Structures are given as structure tokens and as C-alpha cells.
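The values are calculated or read from the model by the stated rules, or taken from the named source; none is laboratory data. Since the structure is predicted, the reported quantities are computational estimates derived from the model, not experimental observations. Cβ placement follows ideal geometry from the backbone for every residue including glycine, while neighbour counts extend to all protein chains displayed. To get the accessible areas, we keep the full protein, side chains included, count just its heavy atoms, and leave off ligands, DNA and RNA. Shrake-Rupley method; radii C 1.70, N 1.55, O 1.52, S 1.80 Å.
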Amino acid sequence: MKKVALMTASTLALCGCFGEDDKQDGNAANSYVAQLISSDFSSSQIATGSITDDRTATEGYFEQEASDYTIDVYGDYVYQIGRFNIDTIARVNTKESLLLPEYEYSLAEDESSSSNVYQIIQTSETKAYLIRYGKDSIQIVDPSADEENFVTGSIDLSEYTPEGNTVPTMSSGVIVDDKLFVAMQRIDTYANGGALNTPYLAVIDTTTDTEIDTQEGIDGFKGIELNASNPEYLDTDGTYVYVTGRGDYGSNSGALDRIAVADFSLTNIIDGTTFDNALNDDQGDDDATNDVYYHIRSIAIVDDTAFVSINLEVGFTNNETLLKTFSLSAPSTFTDIAPAALSGKKISFIKAGPKRETLWVAIDDAEAPDVVVLNEDATQNGVNIEFSQPVKEIEFTSLDD
């Protein structure tokens, strides 16, 4: 059974508080925080639980009558971001309460399209970056400030905007060695057919907040030209940044690229030809809509092993999700894994757990939206974590009993 906590201020004294954690990646974490969304996309909420022993989810925090929300964590702070046409950011200081936000600010701009913030990447108590899918600049903010002084600057990436759009569609970012790597999908608007243009990875010097010329671009771009079209997920082992791109919903399978942090050189690990004969299935008729193509989705690094999730899709329908691994020292050798707990299951996303010791796998199933935790050797770690709604995102922090 799930523990469902419909929290109000009167229950505040009964709630545990989060302990100190000085790492954004949750190295000191003992708890998870999960953003849930209803299967009909009408509502959402946040759930918490332990990462060890009894992982039973406690639900009912931050209930919303909309679903396009995501979360990020930095130290003792949990941020909930309202995305497309919601344009809000709320922060909880977990030492104080999960019930009462320190603040909720508007991210909307007057007479302008939705900011559609995908991510907040915090570097200190007084500095963070907002990765904005709906704008052509990264916003620099002071997370400790009041709303009037929240935004402190911006980094212009408008030159990457393709001809068929008004923004470069930034999708995700990660910081390594004082460099902020930001993936840009560069997709045309849906009105123009949503065509995929050459994707790029911009690199920002976080000490000066200026873009670095990586010498890896073309046509005057300072960023790194990617193979991973429609990039969605970034991860890093500290030496390399890994970028997954799902491609389109037709014959483009996307790719997995690896970029060296030191010199920005790129190695393509997976593309549309890597598993062509094994996974793609051309039905041999004149109807391309019934052909099966694989699409690269998530990546997560656990110790010295990379896990990659791959969907086998017909158009917009995912028939099956495969998990493959490779050693970070041998990225061209892939191993198929099929844990019993994931047999016949489709996967929403994968994420490395605290200290990169486990893999957390979200199941794409509205009736049983569990999360399965795996060890590095792909054996199951504990029982499935049950939720009442599908899990959109998981972050890690520390919770004191």
C-alpha cells in the first residue's frame, strides 16, 4: 500500500524535515523526491520516501491542478517549476517544511510567450541558471533574492535560433569544471512542421557567464555540433558529457554523443546505423507509418557503467523499451540487460541514484507506475516502489525522521 499524505498546515508538526546536503547531485542523500503527474494530465503532486529500507512513497505534497511541472534539488532546497504557460518557480527549504514554500515567483514576461523553464541549475546560494525552452537566452538568477531582484542577468543564445522558429529550444544543461553545457534542439515550430535542424551544445564559462568558442561548430557557431538530434538528456562522469537525442518520430533514431570536457572533442557512440539490422523493422510495404524504428532516450551513469534506454516505436507509439549498458572505458561494446522486474515493461526515464551506486527506472504504465531500483550489475535492489500516478522526475536529498 502507498502512504498518501494529504498535507495541510495543521500537520506541520508531524512532518520530518530534510537534513543538510551540500551537493546538488545528492551525494549525501537518504531520500528521494518525485514529481508525479496524472495519466490524463489534469493534475500533479510531489512524493517523497527513503532511498533505503522501506521506500514507500508518501504522496500529496504540492498538489496542482495542472501537470506540466518538474523539480530540481540543490542542497536543502527543492524547486518546483511550472513549465509551458504556467511559468512559476516555487522553493521549499527542506530544513523548515515541505508544506510551506519560502516563495513562489512568476517567470512570465509581459506581452511575451511562455518562458517554459525546463531546469534550474544552481551553483551557489546566490547564483543559478534557468534553462528556458521558450526563450533565446539563459536567465541568471539569485535564488536567495526577493522576486523583484530574482533575475540578475542573461546569456544570449539567439544566434542558434533556426529560421523556422523564434528560439533555439534549450532542453537541458549540466555543469562540469565551471562550464555549463546546454543542449539546444533547434526545432522548427509545429506550424512549420517541427523539422529537426542541426542540434548544438553551447558551453558557458560560469566564472564570466560568457560563451566559450569550442572550435567544434560550423557557420560561425561557437558551440559543439551534435549528432544527437532532438537532444533530451545530459549526464556526465566528470571527464565527458553524454548527450542523448531521440530523433524524430519517423526514421531518425537519434544518437548518443560523448563530449570531452577538456577539449570539447566529440565521439559519436550510437547513431541510426548502430543497431539498424537488429532493431529497426521495415514492414516492406509502401506505408512508412507502420515501420518500427529505435529511438535513443535516457542515459544514466552508475559507477563506471553507462545505462541507455532505447524505445522501439511505430510513429508516436512505443512498443517496447530496451536497456543496454556499456563500460565507460569501452563505449563501443554494448550489453543487453533484461531484469525480471522490467520484463514486458516500458520505461519513462532512467536516473542514477545517490553516489551513482544504483539506477532508478521509472515504468511507463498508468495502471502500475512503479519505480524499479537496480544495482550496477542490473540485479534488482529492493522491491518496486509503488506510486498512484506516473513519475515524471526523481531527485535526491536528505530527510531527517
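A few remarks follow.
- Count - residues of segment 30-73 that are among the β-branched types (V, I, T), surrounded by fewer than 22 Cβ atoms within 10 Å (Cβ to Cβ) and either at pLDDT 95 or above or in a strand (DSSP E or B) (or both): 4
- Within segment 78-104, the set of residues being among the aromatic types (F, W, Y) and either touching a Ser or Thr at 6+ places or on another chain (Cβ under 7 Å) or open to solvent by less than 10 Å² (accessible area, probe 1.4 Å) (or both) comprises Y79, F84.
- Residue within segment 208-217 that is of a type outside the set (S, T, N, Q), in a loop (DSSP other than H, G, I, E, B) and without any contact (Cβ under 8 Å) to a residue 12 or more places away in the chain present: yes
- From S309, S329, S343, S348, residue being crowded, with 22+ Cβ neighbours inside 10 Å and of a type in the set (G, A, S): S309
- If the condition is being in a loop (DSSP other than H, G, I, E, B) and closer than 13 Å to I140 by Cβ, then segment 195-207 contributes T206, T207.
- Of all residues making up segment 189-214, the number that are within 24 Å of T123 (Cβ to Cβ), open to solvent by less than 30 Å² (accessible area, probe 1.4 Å) and not polar (S, T, N, Q): 5
- Residues located in segment 323-347, provided they are under 21 Å from A362 (Cβ atoms) and among the β-branched types (V, I, T): T325, I337, I347
- The residue list V383, V308 contains one member that is over 26 Å from D40 (Cα atoms), part of a loop (DSSP other than H, G, I, E, B) and β-branched (V, I, T), which is V383.
- Scan of segment 105-122 for residues that are surrounded by 17 or more Cβ atoms within 10 Å (Cβ to Cβ) and polar (S, T, N, Q), ordered by number: S114, S115, N116, Q119, Q122
- Matching residues in segment 145-165 - criterion: being assigned to a strand (DSSP E or B), open to solvent by less than 30 Å² (accessible area, probe 1.4 Å) and of a type outside the set (V, I, T): G153
- Of the numbered criteria (1) surrounded by 15 or more Cβ atoms within 10 Å (Cβ to Cβ); (2) at pLDDT 90 or above, the one D291 fails is (2).
- Note on segment 166-188: among residues that are assigned to a loop (DSSP other than H, G, I, E, B), surrounded by 21 or more Cβ atoms within 10 Å (Cβ to Cβ) and of a type outside the set (S, T, Y), the one that is farthest from the chain's Cα centre (by Cα) is V167.
- Taking the conditions (1) buried (at least 17 other Cβ atoms within 10 Å of the Cβ); (2) within 20 Å of the chain's Cα centre (by Cα); (3) not hydrophobic (A, V, I, L, M, F, W, C) in turn, N381 satisfies each one other than (2).
- Qualifying residue in segment 218-227 (condition: open to solvent by 60 Å² or more (accessible area, probe 1.4 Å), touching a Pro at 6+ places or on another chain (Cβ under 9 Å) and either under 22 Å from F334 (Cα atoms) or not in a strand (DSSP E or B) (or both)): yes
- Number of residues in segment 123-144 that are more than 15 Å from A90 (Cα to Cα), open to solvent by 50 Å² or more (accessible area, probe 1.4 Å) and not β-branched (V, I, T) equals 2.
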